[in-house]
Amino acid sequence: MSLQVENLEHNMVKVTIEVDAAKLDDAIKQAFNKKKGQFNIPGFRKGKVPFQLIAKEYGVEIFYEDAANILIPDAYAEAMKDSDLEIVSRPEIDVVQLEKGKPFIFTAELAVKPEVTLGNYKGIEVPKTRVTVKKEEIEEELKKAQEENAREITIEERPVQDGDILTIDYSGSVDGVKFDGGTAQDQTLVIGSGAFIPGFEEQLIGKNLDEETAINVTFPEEYHAADLAGKEAVFEVKIKGIKEKELPELDDEFAAEVSEFDTLEEYKEDIKEKIRAQKKETAKTERENKIVDAAVEAASMDIPEAMIEEQVQQMTEEFAQRLSYQGLSMEQYLQFSGMDAQKFADDLKPQAVKRIETRLVLEAIVKAENIEASEDDFKAELEKMASMYQMEAEQLEKMIQGAQKEQMMGDIAVQKAVDFLVNEAK
């Protein structure tokens, strides 16, 4: 096998790979063995027709596509292993020569890792943020604790008020015709939550237990179900239950019940310190991001379009994975959001470019400053991951080997580059 590399513009290369004719002949035989059961020739049992007879009858070319698919993956992998190219995209394959008895030649066009010219990355000026905690923020957290520990009281004597928790049956129709998803029984609805169509919840205020009423609403123009968007609808609603939240008193007894503290003042002080710690962490992250952004802005590089497309594809797959945890498919998300796959990819592109630029610059700083990830760093990261996933670190280490460990060591070094930038900043 031979390999030739041609440098193209914008960090793209064209690799020409030549495979021995003998290997092509072997691949054609493999393709024949896969397909021989599909041929029916009088005088021969199915699957027993000789290769030469099929080649004569149909032409050996019928095996070329399968033979190429057999050869290309291994030949490409071997060629890349022997080269010093840092590949950052999937290859675009083009067959140049495919003929029995001759070498098999194909090309692979792909992106390689761009060179980065670093600008000023030491002594970047980003002032530290002074963290303060307002009284209103503490009160907001106390309010959340009250809500979480509230009791629900059944109401029978008064009409519905804002904030009430209702149990309702409803049936919706447009022009007198019921529509899919417009009917439900024993549905829970918090008045004021905005969970239903605009105007629905407000019309229930003042209604009484067991009352039946007609609610008139108009579906929003951007409603996800296109057949209902902008349509006027009538919902027949029956109020089957009314409850209200009874908030506990904010006193020492409440503090002792919901926290480890004996007094409300101690509990409030703890809330204050937790808010402060969270704000400090947020400020630290924001400052780090600004410092890294400044280093990226000062650098220059020529990112190939294929690398960006690869990153967009990866980010799309990551997003689809997160959706699947919520029981949604990518197709459903695109339908609800009114986007097509191309618009989604286009919207991701700026984020993809920033992610690539940031990684490349930090890797360049790792190289320039001789930053390394040690085995101790690796072990420390394993301990963090083991704690997060509730596993033994030794068990996790057995799972992270080879390329995975190499990737992890690279990530650790990149984070150390971030730490370096922050320490050097003013």
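Here are a few things to note about the model shown:
- Prolate/oblate/rounded label for the range 1-100 (Cα gyration tensor, a/c 1.5): prolate
- Contact order, relative form, for the range 184-296: 15 percent (alpha carbon pairs under 8 Å, 6 or more residues apart, mean separation divided by residue count).
- When only the Cβ of Lys, Arg, Asp and Glu is charged (+1, +1, -1, -1), the dipole of the range 1-136 relative to its Cα centre reaches about 900 debye.
- Helical content alone sets the calculated 222 nm signal of the chain at -15500 deg cm²/dmol, taking -39,500 (n - 2.57) per DSSP H segment of four or more residues and averaging over every residue.
- Dipole axis of the range 179-247 (+1 Lys, Arg; -1 Asp, Glu on Cβ), positive-most option in GLY192, TYR223, PHE179: GLY192
- With loop membership from DSSP and a limit of 12 other Cβ atoms within 10 Å, the longest segment of the chain without GluC sites (Glu not before Pro) is 261-371.
- Between the range 113-170 and the range 316-360, the alpha-carbon centres lie 26 Å apart.
- Measuring between their Cα centroids, the range 184-238 and the range 1-51 lie 64 Å from each other.
- Among the listed pairs LYS135/LYS274; LYS290/LYS426; LYS81/LYS349; LYS113/LYS284; LYS290/LYS416, a Cα-Cα separation exceeding 20 Å is found for LYS81/LYS349; LYS113/LYS284.
- Ligands, DNA and RNA left out, the 1.4 Å accessible surface of the chain is 46% carbon and sulfur atoms.
- On a per residue basis, the chain carries 63 Å² of accessible surface, using protein heavy atoms and a 1.4 Å probe.
- Dipole in debye (nearest 20) - the chain, about Cα centre, beta carbon charges: Lys, Arg +1; Asp, Glu -1: 2160
- Taking the chain and dividing mean pair separation by its residue count, relative contact order in percent (alpha carbons under 8 Å, at least six apart): 16
- Environment charge of LYS231, counting only residues whose C-beta is closer than 11 Å and scoring Lys/Arg +1, Asp/Glu -1: -4
- Relative contact order, percent, the range 229-271 [alpha-carbon distance under 8 Å, six or more residues apart]: 21
- Computing Kirkwood radius over Cα pairs in Å directly from the structure and comparing it against (i) 26.9; (ii) 23.2; (iii) 29.4 singles out (iii).
- Hits among aspartates and glutamates - C-alpha to C-alpha of LYS23 under 18 Å, sequence gap 8 or more where chains match: GLU61, GLU65, ASP66, ASP74, GLU78, GLU99
- A dipole drawn for the range 69-122 from +1 and -1 charges on Cβ atoms has a positive end, and of PRO114, ILE93, PRO103 the residue lying farthest that way is PRO114.
- Backbone N under 19 Å from the LEU85 label point (7 Å along Cα→Cβ), restricted to the range 1-33: 1-20
- Applying 1/(1 + (r/R0)^6) with r as the Cβ-Cβ distance of GLN401 and THR188 and R0 = 41 angstrom yields a FRET efficiency of 0.25.
The values are calculated or read from the model by the stated rules, or taken from the named source; none is laboratory data. Predicted, not measured: the structure shown is a model, and the values here were computed from it. With ideal geometry, Cβ positions are generated from the backbone for all residues, glycine too; neighbour counts draw on all protein chains shown. In case anyone asks, the SASA skips ligands and DNA or RNA and just uses the protein heavy atoms, side chains included. Shrake-Rupley method; radii C 1.70, N 1.55, O 1.52, S 1.80 Å.
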